[in-house]
Amino acid sequence: MPAEPTHGPHRSRLRRWLRRAALGCAVVLVLVTAASFVFNAVTAGRAAPPRGLRYVQAADVRTRYETWGTAGPPVVLVHGAFESVDTWSRLAPLLAHDHRVYALDLTGDGYSERHGPYTVDHFTRQLLGFLDALHLAGPGQRPLLVGHSSGAAVVTEAALRAPHRLGGVMLLDGDALDTGAGPPPAFKHVLIEPYRTSLLRLGLGTDAVIRKVYDTQCGPACPRLDAAGLDQWRRPLRVPGAENALWSMLAAGVPGLPADHVARLARVRLPKSVVFGAEDDVFSRQTPQETARRIGAPPATLIPGARHLTMISNPEAVATALDRLTATSVAASGRLHRSAGS
């Protein structure tokens, strides 16, 4: 007689195990989802911006800004992604010895009004509107623009649109390119509500997470974050509207410009400078000199030992590089005036 099949009981046990596993996963999902909703409700309170901030209407954005210094050529500092005016707090006072220094929060970051779209075009219109509002456009008022990281794309676009209004451009730790950097396309499908809000708030509430990101980007030369430093990086992401703006910015990726568009800057007769941390691992080793060649600038300045936040880790070296750009700008302005008078 043929032997009785033995795989039937095994299949039955496997089906029972799969049903139990699926039920267990469903229970865990329900519990995690419920916990996420409760956590989000408990942490729903938003932080208020610090008192005493200064604002001006720049194009269509109510813009937070700060100034340092009372004399000398004007300098406008434009931060990168997830930074703010406060990112310049070590560099700006040094520049203020010989410059009138201005810094603004681009929309989506810091304490400016959250007002999309969060694109290079919109940021540039805000920046040029800021120059209008602060009357930084007339003779003797043409500022040097310093763009850090993704802010390099904003100052590049401003220089292409309005070169006659500027005294020079510095790309600091940024190549101005649209590299496609940012979360993978599946990001918005994987990190859905309520989980993404819970993860963001858990991360922001953990000092070690903020310190880790800061230390990785800034390096050993940077001051350790104390309570005030942690608040400087954390609070802008806890004010009303910040979370929605963050998700919109992450979905769009790091703002930048096509390489052929950036290369148009080489034909613009403006003093230019490229400055990078020599150990900046956000970019390749070739990026600084490639960027300088692309925009028609002198060879890039590399700051030994510095990483991606050179204005924090090495403000004196950045200030020295800006002094060189200022001297070139002043000389170019003098030649222009002599040529116009002849």
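The values are calculated or read from the model by the stated rules, or taken from the named source; none is laboratory data. All of these numbers come straight from a predicted model, not from anything done at the bench. No Cβ is skipped: glycine too gets one built from the backbone with ideal geometry, and neighbour counts run over all protein chains shown. Note: areas computed on protein heavy atoms with side chains; ligands, DNA, RNA excluded. Shrake-Rupley method; radii C 1.70, N 1.55, O 1.52, S 1.80 Å.
Which Cys in the chain stand alone, with every other cysteine's Cβ at 4.7 Å or more from theirs?
Cys with no partner Cβ under 4.7 Å: Cys25.
Which value in Å is the Kirkwood Rh of segment 143-301 over different Cα pairs?
17.6
Using only Cα atoms and rounding to the nearest 10 degrees, what angle (0 to 90) does helix 151-161 make with the longest principal axis of the chain?
In the chain, helix 151-161 runs at an angle near 50 degrees to the longest axis.
What does the C-alpha gyration tensor say about the overall shape of the chain? Classify as rounded when a/c is under 1.5, otherwise prolate if a/b is larger than b/c, or oblate.
prolate
Rounded if a/c is under 1.5, else prolate if a/b is larger than b/c, else oblate: which is segment 190-280, with a ≥ b ≥ c the root eigenvalues of its Cα gyration tensor?
The shape class here is oblate.
Give the percent of DSSP beta bridges with both residues in the chain that are antiparallel, rounded to the nearest 5.
30
Within 10 Å, count the other beta carbons around each residue, average over each peptide in 289-302, 88-101, and list them highest first.
88-101, 289-302
Report, in deg cm²/dmol and to the nearest 500, the calculated mean residue ellipticity at 222 nm for the chain, where each DSSP H run with n ≥ 4 adds -39500 (n - 2.57) and the sum is divided by the residue count.
Theoretical 222 nm ellipticity from helices: -14000 deg cm²/dmol.
Per residue and in Å³, how big is the convex hull formed by the alpha-carbon atoms of segment 229-322?
143
Using a Gaussian network model of the chain whose springs link C-alpha atoms within less than 10 Å, name the residue from Ser198, Ser112, Ser284 with the highest mean-square fluctuation.
Fluctuation is largest for Ser284.
Specify the residue with the greatest mean-square fluctuation among Trp68, Trp17, Trp247, computed from a Gaussian network of the chain linking alpha-carbon atoms under 10 Å apart.
Most flexible of the set in this elastic network: Trp17.
Mind giving me the nanometre distance, one decimal, between the label points for Thr320 and Arg269, set 7 Å out from Cα along Cα→Cβ?
The modelled label-to-label distance comes out at 3.2 nm.
Kindly list the residues of segment 90-122 that lie in the label zone of Asp132, defined by a backbone N under 15 Å from the point 7 Å along the Cα-to-C-beta vector.
122
Got a number for carbon plus sulfur as a percent of the chain's accessible area, 1.4 Å probe?
60
Where does segment 8-150 land on the Kirkwood hydrodynamic radius, alpha-carbon pairs, in angstrom?
About 18.7 Å, per the Kirkwood formula over Cα pairs.
Quick one: net charge of Asp226's neighbours, Cβ under 15 Å, K/R +1, D/E -1?
For residues surrounding Asp226, the net value is +1.
Along the Cα→Cβ direction, 7 angstrom out, place labels at Arg285 and Gln57. What is the inter-label distance in nm?
The modelled label-to-label distance comes out at 5.3 nm.
Between beta-carbons, use under 11 Å as the cut-off and find the net charge around Ala245, counting Lys and Arg +1, Asp and Glu -1.
That works out to -2.
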